[in-house]
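The values are calculated or read from the model by the stated rules, or taken from the named source; none is laboratory data. Because the structure is predicted, anything quoted here is derived from the model rather than measured. Reconstructed Cβ throughout: ideal geometry from the backbone, glycine too, with neighbour counts over all protein chains shown. Calculation scope for accessible area: heavy atoms of the full protein, side chains included, ligands and nucleic acids excluded. Shrake-Rupley method; radii C 1.70, N 1.55, O 1.52, S 1.80 Å.
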Amino acid sequence: MKLTVNGTHYHIEVRNREKQETVVFLHGFTGTTKSWHSVATGWTDHKLVFIDLIGHGKTESPKSVEFYTMERQLANLDALFDQLELDRFSLIGYSMGGRTALAYACEFPVRVSGLILESASPGLRSEEARRKRRANDAHLVERIVTQGLVGFIDSWENIALFDSQKSLPEKVKDVIRQERLEQNPVGLANSLLGMGTGSQASYWGELMCLNMPVLLVTGQLDLKFELIAKEMASLMPKAIHKTIDAGHAIHVEKPAEFATIVREYLSLNYQGGKS
């Protein structure tokens, strides 16, 4: 379906509409709703809502970067949930989508009954770190402009963060690459500039205030995010940390195992409420 909020058209997929308990999924950078299809296979006990974030997939990719700020994304998501009549739901986010999910839970905690963060962070603590990250993201944007989408994706899929994906079956790698190649280069560039890690506010100081159950999932090959998750778990009142034998994109490398862990967690920690 297509819904419009604050002047932006969003693409949304809904499965198992008759179910009351709802789970919302937010993908990572260069991802789409398709990123979660393998995870959703056989998942029938919840209503599943998948959203293409701004600049990605079939959601609009405005030319102005002002549409892409994290603050605007959180407001847009809240308006989308109003239109979808979702009062309470569990929220799952991966990487960029995980940062977005965490920020949403901090700003709109009343809606979120449970939070599942895959390979995610609360942002960067210092302005100096954010400045360096903005400079790095600006270089990535320059690559998109100078190399074109194909050239950028060639570089992006070969960064160290995704080394573990090289051992995936060729058919799976082809699906991932095709999903990336279907993106709008304007949307990717503005997403980096507007809601990249260097552009968003830090939520480290808000973690102790999150009172909903939180599941942190990381891959044991992804040492950076393993350490981040351990520190996050130590600061959150109701968080647990699970490690899977995978890299950064666990839901891609081990979709069935990821889905099993999440569904078991939800069955034990769902807090109720009308979805």
Discussion item. What's the total number of residues in the stretch 202-233 that are closer than 23 Å to residue 108 by Cα, hydrophobic (A, V, I, L, M, F, W, C) and either over 19 Å from the mean Cα position of the chain (by Cα) or open to solvent by 50 Å² or more (accessible area, probe 1.4 Å) (or both)?
Written reply: 2
Worksheet item: Just wondering, is there one or more residues in the stretch 48-59 that are touching a strand residue (DSSP E or B) at 6+ places or on another chain (Cβ under 9 Å), part of a strand (DSSP E or B) and β-branched (Val, Ile, Thr)?
Response: yes
Response to the item:
Given (1) at pLDDT 95 or above; (2) touching a strand residue (DSSP E or B) at 6+ places or on another chain (Cβ under 6 Å); (3) open to solvent by 40 Å² or more (accessible area, probe 1.4 Å), residue 19 misses just (1)
Discussion item. On the basis of being touching a strand residue (DSSP E or B) at 6+ places or on another chain (Cβ under 9 Å), surrounded by 19 or more Cβ atoms within 10 Å (Cβ to Cβ) and part of a loop (DSSP other than H, G, I, E, B), does residue 30 make the cut?
Written reply: no
Item to complete: Go over the candidates 117, 77, 84, 102 one by one and state the one that is over 28 Å from residue 254 (Cα atoms), surrounded by 15 or more Cβ atoms within 10 Å (Cβ to Cβ) and in contact with a strand residue (DSSP E or B) (Cβ under 8 Å, 6 or more places away or on another chain).
Response: 84
Item to complete: Give the residues of the stretch 243-263 that are over 17 Å from residue 91 (Cβ atoms) and among the charged types (D, E, K, R), sorted by residue number.
Response: 245, 253, 254, 257
Item to complete: Considering only the stretch 128-145, state which residues are touching a residue at least 60 places away in the same chain (Cβ under 8 Å) and among the acidic types (Asp, Glu).
Response: 137
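Take the stretch 181-201 and flag every residue that is open to solvent by 20 Å² or more (accessible area, probe 1.4 Å), part of a helix (DSSP H, G or I) and under 26 Å from residue 66 (Cβ atoms). Step through it out loud before you land on a result.
In the first step, residues of the stretch 181-201 are kept if they are open to solvent by 20 Å² or more (accessible area, probe 1.4 Å); the result is 181-182, 184-186, 193, 199, 201.
Checking the rest, the ones that are also part of a helix (DSSP H, G or I) come to 181, 185-186, 193.
The answer is 185, 186, 193.
Criterion first (among the polar types (S, T, N, Q) and at pLDDT 95 or above) does residue 183 satisfy it?
Numbers: among the polar types (S, T, N, Q): yes; at pLDDT 95 or above: yes.
Considered against the rule, which asks whether it is among the polar types (S, T, N, Q) and at pLDDT 95 or above, residue 183 comes out as yes.
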Practice prompt. Please give the number of the condition residue 60 fails out of (1) in contact with a Ser or Thr (Cβ under 6 Å, 6 or more places away or on another chain); (2) open to solvent by less than 50 Å² (accessible area, probe 1.4 Å).
Written response: (2)
